[in-house]
Amino acid sequence: QMVSQGWKYFKENFYYFSQVPKTWYSAQQFCMSRDSQLTSVASESEQEFLYKMAGGLFYWIGLTKTGSEGDWYWVDNTPFDKVQSARFWIPGEPNNYGNNEHCANIKMSSLQSWNDASCDNKLLFICKRPYITSEP
Ligand code: 2F8
Ligand code: CA
């Protein structure tokens, strides 16, 4: 069902790689309309799955800041582990270029792939939805 609509399964979650670019906020609204959220990245294997699927294209992920000076957080409420996540930024990022970069994307096909960019940019995006099985 989900797979036929383009969702990809990996370790208990389904992921949707959009084919239409949107602003970060519009992308999150789209994901929510599909019972999902912009993806969190909680492990190295998940990061590896995502950057390989991204295939060198830019995709929004569910990482944004509490206000322009705030801390990074995952929009799906996964706790953001600043120390464990440091290895996923492109070296030199996040740099808050022009003081206007408050949303993160996968920019490189590499474990070090995240960049912060303006949330108003229109990029492809990745939604993540937990795969729930009901007990027998
Ligand atoms: O050099 C890194 C720098 O490159 C661009 O700015 C010139 C990126 N801007 C966008 O992706 C919109 C910066 O985010 C990035 O840090
Ligand atoms: Ca940046």
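A simple charge model with +1 on the Cβ of Lys and Arg, -1 on the Cβ of Asp and Glu and nothing else charged puts the dipole of the chain at about 400 debye relative to its Cα centre. The range 1-83: D in µm²/s via Stokes-Einstein (Kirkwood Rh, Cα pairs, 4 °C, 1.567 mPa s)? D, rounded to a whole number, is 94 µm²/s.
Given the pairs Lys8/Lys52; Lys11/Lys52; Lys11/Lys122; Lys22/Lys107, which span a C-alpha to C-alpha distance of over 24 angstrom in this model? Where the Cα-Cα span goes over 24 Å, the pairs concerned are Lys11/Lys122.
Counting only protein heavy atoms and a probe of 1.4 Å, the accessible surface of the chain is 50% carbon and sulfur. The C-alpha atoms of the chain define a longest principal axis, and helix 24-33 lies at about 10 degrees to it. Heavy-atom accessible surface of the chain, averaged per residue, reaches 57 Å², computed with a 1.4 Å probe. Per-peptide packing, taken as the mean over residues of other Cβ atoms within 10 Å, places 33-41, 118-126 in the sequence 33-41, 118-126 from highest down.
Think of the chain as a dipole: +1 on every Lys or Arg Cβ, -1 on every Asp or Glu Cβ, centred on the Cα centre; then among Pro130, Gly6, Tyr59, Gly6 lies furthest on the positive end. With contacts taken as Cα pairs under 8 Å and at least 6 residues apart, the chain reaches a relative contact order of 36 percent. Taking one quarter of the surface of the convex hull spanned by the alpha-carbon atoms of the range 15-136 gives a direction-averaged projected area of 7.9 nm².
The values are calculated or read from the model by the stated rules, or taken from the named source; none is laboratory data. Source: prediction; values computed, not measured. Quick reminder, even Gly has a Cβ in these numbers, built from the backbone with ideal geometry, and neighbours come from all protein chains shown. Side chains are part of the model used for accessible areas, which takes the heavy atoms of the whole protein and leaves out ligands, DNA and RNA. Shrake-Rupley method; radii C 1.70, N 1.55, O 1.52, S 1.80 Å.
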